[in-house]
Amino acid sequence: LGYLYNGFSIKGYYYWELVITYRKVAIVFIAVFLGENGVEFQVLVALLLLLVSLKVQHLFKPFDTPTLNNLEVRSLAIVSLTLWCGLCLNALQVSRGFEISLFLIILAGNIYFFVT
């Protein structure tokens, strides 16, 4: 069972894996049960959850190393950016050039995450 809490700070954040799991369950809940309210509402609720998660992660820094904490913060930020750009693509009537720009922002953000 050590794989559940190895890598977390000695400060007592051994339970943080449960926080991450609950966040993932909440995303699935949003995707499944809030669909009847429209895609825009789903994305906005998911963005709210991710931004709260980002703030909590940044405040507590539960991992042993700054690298792991930064990786989690960056991953939450990139997912939020991707959802926001997807919301803009879906909800707004934009020109083809703006659509391509949003796509390139999503692509660049995800490439940056994987490269750094």
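What the table below lists for this structure:
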{"item": "Sulfur and carbon atoms: percent of accessible area, the chain [1.4 Å]", "result": "72"}
{"item": "Solvent-accessible area per residue, Å², over the chain with all protein chains present [probe radius 1.4 Å]", "result": "68"}
{"item": "Additional length obtainable on full extension of the chain from ALA26 to ASP64, 0.36 nm per residue less Cα span", "result": "11.1 nm"}
{"item": "Reference-scaled alpha-carbon Rg (2.2 N^0.38 Å with N residues) for the chain", "result": "1.22"}
{"item": "Size of electric dipole in the chain: Cβ of Lys, Arg +1 and of Asp, Glu -1, about Cα centre, debye, nearest 20", "result": "240"}
{"item": "Quotient of C-alpha Rg and 2.2 N^0.38 Å, computed over segment 21-89", "result": "1.18"}
{"item": "Computed [θ] at 222 nm, deg cm²/dmol, the chain (DSSP H ≥ 4; -39,500 (n - 2.57); rounded to nearest 500)", "result": "-26000 deg cm²/dmol"}
{"item": "Segment 76-116: radius of gyration and largest Cα-Cα distance (Dmax), Å", "result": "10.6, 34"}
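The values are calculated or read from the model by the stated rules, or taken from the named source; none is laboratory data. Only a predicted model underlies this, so the values are computations on that prediction, with no experimental measurement involved. Heads up, the Cβs are rebuilt from the backbone with ideal geometry, glycines too, and the neighbour counts pull from every protein chain shown. These area figures cover heavy atoms from the full protein model, side chains too; ligands, DNA and RNA do not enter into them. Shrake-Rupley method; radii C 1.70, N 1.55, O 1.52, S 1.80 Å.
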